[in-house]
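These notes concern the structure reproduced below.
The values are calculated or read from the model by the stated rules, or taken from the named source; none is laboratory data. Quick caveat: nothing in here was measured; it's all calculated off a predicted structure. All Cβ positions, glycine included, derive from the backbone under ideal geometry; neighbour counts span all protein chains shown. We work out accessible area using only protein heavy atoms, side chains counted, and drop any ligands, DNA or RNA first. Shrake-Rupley method; radii C 1.70, N 1.55, O 1.52, S 1.80 Å.
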Amino acid sequence: MIIDIELTNRCNATCDFCPRDNMPKMGHMRREVFHAAIDRILESREKYAVSLCGTGEPSIHPDFLEFMEYGLGKGLPLQFTTN
C-alpha cells in the first residue's frame, strides 16, 4: 500500500487546470509533522511505501532532501511526483 504525503501546496508551475490557486492557505509541512508521520507509518505492522506528492511540487520544499534521507534511512520505500 502507498501512503501519499503532501509536503507543500506551493508550486513553481503555472498550469491553468490546477486547483491550487483556490486554496485559502499556501505553505510547507513542518519538519516535526513529517517526522511524526513517517514514525507513525513505521510503527504499523503493515508494509507501506510513501509517495511525496499532492497539489504542490515536493522538491521545492526547503527540507526535501532531509525528508528523503529521513525516510530512506529508516528503510521506508519513498517515491515522489514532480512537475
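What is the residue count in the stretch 1-27 for residues that are open to solvent by less than 40 Å² (accessible area, probe 1.4 Å) and in a loop (DSSP other than H, G, I, E, B)? Residues meeting the conditions: 6. Asn83 falls short on exactly one of the conditions (1) free of Cβ contacts under 8 Å to residues at least 60 places away in the same chain; (2) surrounded by 12 or more Cβ atoms within 10 Å (Cβ to Cβ), and that condition is (1). Looking only at the stretch 44-65, which residues are over 11 Å from Ile2 (Cβ atoms) and either surrounded by fewer than 13 Cβ atoms within 10 Å (Cβ to Cβ) or without any contact (Cβ under 8 Å) to a residue 24 or more places away in the chain (or both)? Passing the criteria: Ser44, Arg45, Glu46, Ser59, Pro62, Leu65. Of the set (1) outside any loop (DSSP other than H, G, I, E, B); (2) charged (D, E, K, R); (3) out of contact with any Leu (no Cβ under 9 Å at 6 or more places or on another chain), all apply to Arg45 but (1). For Arg30, state whether it is free of Cβ contacts under 8 Å to residues at least 12 places away in the same chain, surrounded by 10 or more Cβ atoms within 10 Å (Cβ to Cβ), of a type in the set (D, E, K, R) and over 14 Å from Leu78 (Cβ atoms). Yes.
In summary, Ile38 fulfils each of the numbered conditions (1) in a loop (DSSP other than H, G, I, E, B); (2) open to solvent by less than 50 Å² (accessible area, probe 1.4 Å); (3) without any contact (Cβ under 8 Å) to a residue 60 or more places away in the chain with the single exception of condition (1).
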